[in-house]
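**Q** Sharing a structure with you now.
The values are calculated or read from the model by the stated rules, or taken from the named source; none is laboratory data. Predicted, not measured: the structure shown is a model, and the values here were computed from it. We place every Cβ from the backbone using ideal geometry, glycine too, and count neighbours over all the protein chains shown. Heavy atoms of the whole protein, side chains included, go into the accessibility calculation; ligands, DNA and RNA do not. Shrake-Rupley method; radii C 1.70, N 1.55, O 1.52, S 1.80 Å.
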Amino acid sequence: MLDGGLDVLDYFLIAVDITLVWFVVYKLIMLIQGTKAVQLLKGIFVILGIWLLSNLFGLTTLRWLMSQAITWGFLAIIILFQPELRRALEQLGRGSFFSRNTSEEEDTEKSIQAIIKSCHYMAKRRIGALITIERETGMGDYVETGIRVGGHLSSELLTNIFIPNTPLHDGAVILKNDEIVAAACYLPLSESPFISKELGTRHRAAMGISEVTDALTIVVSEETGSISCTKNGELHRGIDQEKLEEILRTELDYSAPAVKSWNWRGKKNG
């Protein structure tokens, strides 16, 4: 027994209780992230903030209005957040509420398949492409050099951008999560003397961006139709569809550790 009448077990249960509450709150935030519910949640916090300020400064009328808004707010939350609450209950019923965000996994899988399908299509038809996938290092400076797209990533849209003689085909496409952020972007060219002379501007740009950021870049050769990847100043050429999928899952899909066997070491030249 400790001071205050609480023993070790009581403190342990209190800690577990607080941890579980914070975990549930965290999962709820992850559930509504990227939906319109985020804006509604911000509005609720604004109302609560005004209510606290009205109490602090003795603003009676404003306090009464905010009290009414809070009183009826629970019913409003149920109505406004109906899609999110329904999704949470469905995930709870499937046992996936406490696992990794299902929608995030689905978006990552769709993005991987879209990139693979697009690269395979362009490689067969020898359509040149330069695709850079943003990771931890921001690429805002390079996005500004191109044309903002802001479109949902799909194989059809990605392929269509690189069709020859179209306004956006020349330059790099920058992807972030499941979004095509911008097209026709200029990337820094590598000045490494170890790059093979037979490689063109796309490969040098892919190497250049890999030397200054942690981005993963995919190149489809217009001359040979071969696929190459660069990351951290290293280049891998002649990648088939299976290897491309392996690389993308290694770099983008953190829920699939079984395939994380790709080694970037050992090929620093062309």
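**Q** Select, from ALA184, ALA114, the only residue that is assigned to a strand (DSSP E or B), in contact (Cβ under 8 Å) with a residue 24 or more places away in the chain and within 25 Å of the chain's Cα centre (by Cα). Steps first, answer last, please.
**A** Values: ALA114 fails: assigned to a strand (DSSP E or B).
One residue alone meets the criteria, ALA184.
**Q** Restricting the search to the range 114-164, which residues are within 12 Å of LYS176 (Cα to Cα) and among the basic types (Lys, Arg)?
**A** Matches in the range 114-164: ARG135 only.
**Q** Then there is this: Checking THR224 against (1) farther than 18 Å from VAL173 by Cα; (2) at pLDDT below 90, which test does it fail?
**A** Condition (2) is where THR224 drops out.
**Q** Now, a different point. Hey, any hits in the range 190-207 for a residue that's open to solvent by 60 Å² or more (accessible area, probe 1.4 Å), farther than 12 Å from THR132 by Cβ and assigned to a helix (DSSP H, G or I)? Before you say what the answer is, go through the steps one by one.
**A** Taking the range 190-207 as the starting set, the residues that turn out to be open to solvent by 60 Å² or more (accessible area, probe 1.4 Å) are 191, 193-194, 197-198, 201-202.
Cutting the leftovers down to farther than 12 Å from THR132 by Cβ gives us 191, 193-194, 197-198, 201.
Next cut, assigned to a helix (DSSP H, G or I) only: 201.
The answer is yes; a qualifying residue exists.
**Q** Within the range 144-167, work out how many residues are hydrophobic (A, V, I, L, M, F, W, C), surrounded by fewer than 18 Cβ atoms within 10 Å (Cβ to Cβ) and in contact with a strand residue (DSSP E or B) (Cβ under 9 Å, 6 or more places away or on another chain).
**A** Residues meeting the conditions: 2.
**Q** If you take the residues of the range 128-157 that are of a type in the set (S, T, N, Q) and more than 19 Å from GLN113 (Cβ to Cβ), which of them is nearest to the chain's Cα centre (by Cα)? Reasoning before the result, please.
**A** At the first step, the residues of the range 128-157 found to be of a type in the set (S, T, N, Q) are 132, 137, 145, 154-155.
So of that shortlist, the ones also more than 19 Å from GLN113 (Cβ to Cβ) come out as 137, 145.
Numbers: THR137: 13, THR145: 21 Å.
Among those that are of a type in the set (S, T, N, Q) and more than 19 Å from GLN113 (Cβ to Cβ), it is THR137.
**Q** If you check every pair at least six apart or on different chains, which have Cβ atoms under 9 Å apart with a residue in the range 133-158 that is on the phi > 0 side of the Ramachandran plot first and a residue that is of a type in the set (A, V, I, L, M) and buried (at least 17 other Cβ atoms within 10 Å of the Cβ) second?
**A** The qualifying pairs are GLY150/ILE180; GLY150/VAL181; GLY150/ALA182.
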